[in-house]
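Q: Please find one structure pasted underneath; my questions will follow.
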Amino acid sequence: MILGNRSKKSADRRQVDVLVIGGGVTGAGVGFGLAKKGVRVCVIDDTPVVDRASRSNMGLIWVQSKALGIPEYMRWGFNSSRHFPGLIAELEETSGIHIPYNPTGGLIPCVGEEEYGRRAEYIEGLRKEAGDFGYNGTMISRSELEKLLPKISFGDKVCGAAWCEEDGFLEPLKMMFAMRKAMVNLGGTFLPECRAHTIRREGSGYLVTTSRGEIACDKLVLAGGLSNRQLGAWFDLKVPVTPDRAQDLLTERVTDNVLPIPILGLTQTPGGTIMVGYKHEYVGTDTGFTPEAVSSEGRWAVSVWPDLAKLRVIRCWSCLRVMPVDGLPIYDTVPGHDNVFVFNCHSAVTLSGIHVATLPDYVLGNGLPEDGKIFSLSRFTKTGAK
Ligand SMILES: Cc1cc2nc3c(=O)[nH]c(=O)nc-3n(C[C@H](O)[C@H](O)[C@H](O)COP(=O)(O)OP(=O)(O)OC[C@H]3O[C@@H](n4cnc5c(N)ncnc54)[C@H](O)[C@@H]3O)c2cc1C
């Protein structure tokens, strides 16, 4: 099914202002933002694969732990979170898709005094770095934690938590589908099952051959997640992004809404299942599954919430995060190609608020806000990545 019709099409060739390769949460958000500005935009997306990050994430809006030593990233995250009420309302209205969105706050429970002390130090560091911007997170005691989640009997060693009211969670697939649909309703085009094969310059723009014909564009956005490494190769650019394997487990449904506030690594999905997963493994593109990893995650989850052990695990799987090698987002143009943009990041659900608000303007030549400027490729130059 092809949604939308504003790309000019003759035979199997289309012409658009901006072509976005990749319709995950990053590309779909940029496409939506461009369509809002009246740009003739087309987003193409390869055949869906379950282990793509946009289809396998936890849907957290998570800003409290971004990131000691990089105040720009902290502000970027908090500012993104603040865009969500408006973004969700706009997406729901334009797409007609309801997006379960819960700005509930978020918790990182601490198992043992030592962990509590380390977390408190981290939070204090963030508070100092935030300066006048203010850091809206704090440490809470076990009794305060119990008041926030009264239906959970916490493990004996849980002595408190880090708490931030600007965290939350949403249904990430609904948001991605809403972004695509809203873009189309605003006149953009979304081509599913459409893989970009080759890219070359044509006049002052670019010609992309795809599994659904040729698409010519003035500007090109590479938002293919880990595939940006292959897409970047058309420009001799080594995109410094790497697969980061997650292994998750899912329990049977709990009818009660026991976990209305998400815990980092432990959330209740809108369907009632409990999802557990926090490991980061750097094993290339291996999406193998190791029982040891999942059982250690399970042990941690039970140490936080012992009653979890009574639930049956119904599914385990592994998938790949899209991880820039220093963990920070990448927003830049390709060297020598001012009209080709490369966007990569972890936490793209969280960052959707600020992505929709800023990246379309960047593509249109209006630059990035001050905090966004540190996320250029030039920071990798010393390591030879560019
Ligand atoms: C287990 C897990 C949990 C996570 N939890 C969270 C969370 O709670 N909160 C949060 O903010 N983030 C979370 N993330 C991270 C978040 O999911 C990712 O940052 C985000 O999905 C990246 O989106 P993307 O669109 O950049 O990349 P992708 O999701 O990889 O999407 C890229 C898209 O490009 C398409 N594509 C690639 N190559 C081509 C081509 N040649 N032609 C056409 N299309 C192409 C693909 O089909 C794909 O749909 C999590 C990730 C994982 C794996």
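Read the figures in this text as sums done on the coordinates, not as results from a lab. Keep in mind the model is a prediction, meaning the values are calculated, not measured. No Cβ is skipped: glycine too gets one built from the backbone with ideal geometry, and neighbour counts run over all protein chains shown.
Q: Is the chain rounded, prolate or oblate when judged by the Cα gyration tensor, a ≥ b ≥ c being the square roots of its eigenvalues, rounded requiring a/c under 1.5 and prolate requiring a/b larger than b/c?
A: Taking the square roots of the gyration eigenvalues as a ≥ b ≥ c, the chain is prolate.
Q: Between Gly137, Ile263, Phe343, whose Cα lies farthest towards the positive end of the dipole of the chain when Lys and Arg beta carbons carry +1 and Asp and Glu beta carbons carry -1, centred on the Cα centre?
A: In the chain, that residue is Phe343.
Q: How far, in nm, would the chain grow between Asn185 and Arg212 when pulled straight, counting 0.36 nm per residue and subtracting the alpha carbon separation?
A: 7.6 nm
Q: Could you give me the percent of Cα pairs per 10 Å distance bin for the range 44-87, shortest bin first, beginning at zero and ending with the bin that holds the maximum distance?
A: 23, 33, 34, 10
Q: Arranged by the count of other C-beta atoms within 10 angstrom, fewest first, what order do Glu166, Glu144 take?
A: Lowest to highest Cβ neighbour count: Glu144, Glu166.
Q: Still on this structure: Using a Gaussian network model on the chain with a 10 Å cutoff between Cα atoms, which of Gly125, Gly265, Gly105 fluctuates the most?
A: Of Gly125, Gly265, Gly105, the Gaussian network model singles out Gly125 as fluctuating most.
Q: Based on the alpha carbon coordinates of the range 243-324, what radius of gyration and maximum Cα-Cα distance (Dmax) apply, in Å?
A: 12.9, 39
Q: Another one. Once you've got the GNM for the chain with C-alpha springs shorter than 10 Å, pick whichever of Arg253, Arg118, Arg82 has the biggest mean-square fluctuation.
A: Arg118
Q: Between Val111 and His197, what is the FRET efficiency for a Förster distance of 56 Å, r being their Cβ-Cβ separation, to the nearest 0.05?
A: Between Val111 and His197 the formula returns 0.70.
Q: Taking the chain as a Gaussian network, where each spring joins two C-alpha atoms under 10 Å apart, which residue of Thr138, Thr267, Thr242 fluctuates the most?
A: Its mean-square fluctuation being the largest, the pick is Thr138.
Q: Determine, for Lys147, Lys373, the number of other Cβ atoms within 10 Å of each Cβ, and report the residues in order from fewest to most.
A: Fewest to most other Cβ atoms nearby, the residues stand as Lys147, Lys373.
Q: What percent does the relative contact order of the range 243-324 come to when contacts are Cα pairs within less than 8 Å and at least six residues apart?
A: 46 percent
Q: In the range 200-296, which GluC sites (Glu not before Pro) fall in coil by DSSP and have 15 or fewer other Cβ atoms within 10 Å?
A: The qualifying sites are Glu252.
Q: Suppose R0 equals 41 Å. What FRET efficiency, 1/(1 + (r/R0)^6) with r the Cβ-Cβ distance, do His98 and Arg299 give to the nearest 0.05?
A: 0.65
Q: Over the Cα atoms of the range 75-176, compute the convex hull volume and normalise it per residue, giving Å³.
A: 117 Å³
Q: Can you compute the modelled spin-label distance between Leu368 and Asp307, with each label point 7 Å from Cα toward Cβ, in nm?
A: Once both label points are built, they end up 4.5 nm from each other.
Q: May I ask for the Kirkwood hydrodynamic radius of the range 305-373, worked out over all distinct Cα pairs and given in angstroms to one decimal?
A: Hydrodynamic radius (Kirkwood, Cα pairs) of the range 305-373 is 15.0 Å.
Q: Going through the cross-link list Lys8/Lys36; Lys37/Lys238; Lys219/Lys373; Lys66/Lys310; Lys37/Lys128; Lys36/Lys219, which pairs have a Cα-Cα distance over 28 Å in this structure?
A: Cα-Cα > 28 Å for Lys37/Lys238; Lys66/Lys310; Lys37/Lys128; rest within.
Q: I need Thr26, Thr273 ordered by Cβ neighbour count within 10 Å, fewest first.
A: Fewest to most other Cβ atoms nearby, the residues stand as Thr273, Thr26.
Q: Hey, another quick one. State, as an integer percentage, the relative contact order of the chain based on alpha-carbon contacts under 8 Å between residues 6 or more apart.
A: Worked out over the chain, it gives 25 percent.
Q: Please work out the C-alpha center-to-center distance from the range 313-375 to the range 25-52 and express it in whole Å.
A: Using only Cα atoms to place each centre, the spacing works out to 13 Å.
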